[in-house]
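Every number here is computed from the coordinates shown, using simple stated rules; none is lab data. The shown structure was predicted, so the numbers you read here are calculated from the model rather than taken from an experiment. Here Cβ is always computed from backbone atoms with ideal geometry, including for glycine, and neighbour counts include all displayed protein chains.
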Amino acid sequence: MAADDGNDDDSDAGVAVKTRTRTKRPPLYKVLLLNDDYTPMEFVVHVLERFFGMTHAQAFEIMLTVHKKGVAVVGVFSHEIAETKVGQVMDFARRHQHPLQCTMEKE
Ligand code: TYC
């Protein structure tokens, strides 16, 4: 049975009602590399080349920024990609027994 809108005059017949769909962009996440006193500089450079596709020069520059400032953003990704990068770096560092720390935070 049809719902009764209280008028019998068919005034709404053929009237299209558009609902606007607001599509939110997925949030992005910064991947951060933290300084420590023990991880060798060359290891950090290698990590940046291997997991973040940087050239040796780019990687060296970012490594030095982390070394001097304590932290740097090494990339911005979707949640899933950021999580994967953090996992890869933490895994690789642990396997080589370096205390290197990599985290992510919402942009
Ligand atoms: N501070 C380290 C050293 O002097 C080098 C280093 C740079 C470590 C960046 C971690 O994310 C890092 N050997």
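Cross-link candidates for residue 24: which lysines have Cα within less than 20 Å, leaving aside residues fewer than 8 places away along the same chain?
Reachable lysines: 106.
Between residue 19 and residue 36, 0.36 nm times their residue separation minus their Cα-Cα distance comes to what? Mind showing how you got there, number by number?
Values: separation 17, 0.36 × 17 = 6.12 nm, distance 5.28 nm.
So the extension gain works out to 0.8 nm.
Could you calculate the contour length gain from residue 64 to residue 43, that is, 0.36 nm times the residue separation minus the distance between their Cα atoms, to one decimal place in nm?
Values: separation 21, 0.36 × 21 = 7.56 nm, distance 1.23 nm.
Roughly 6.3 nm would be gained on extension.
Please get the size of the charge dipole for segment 24-77, origin at its Cα centre, with Cβ charges of +1 on Lys and Arg and -1 on Asp and Glu, quoted in debye to the nearest 20.
Details: 6 positive and 5 negative charges, 93 e Å.
Rounded to the nearest 20 debye, it is 440 debye.
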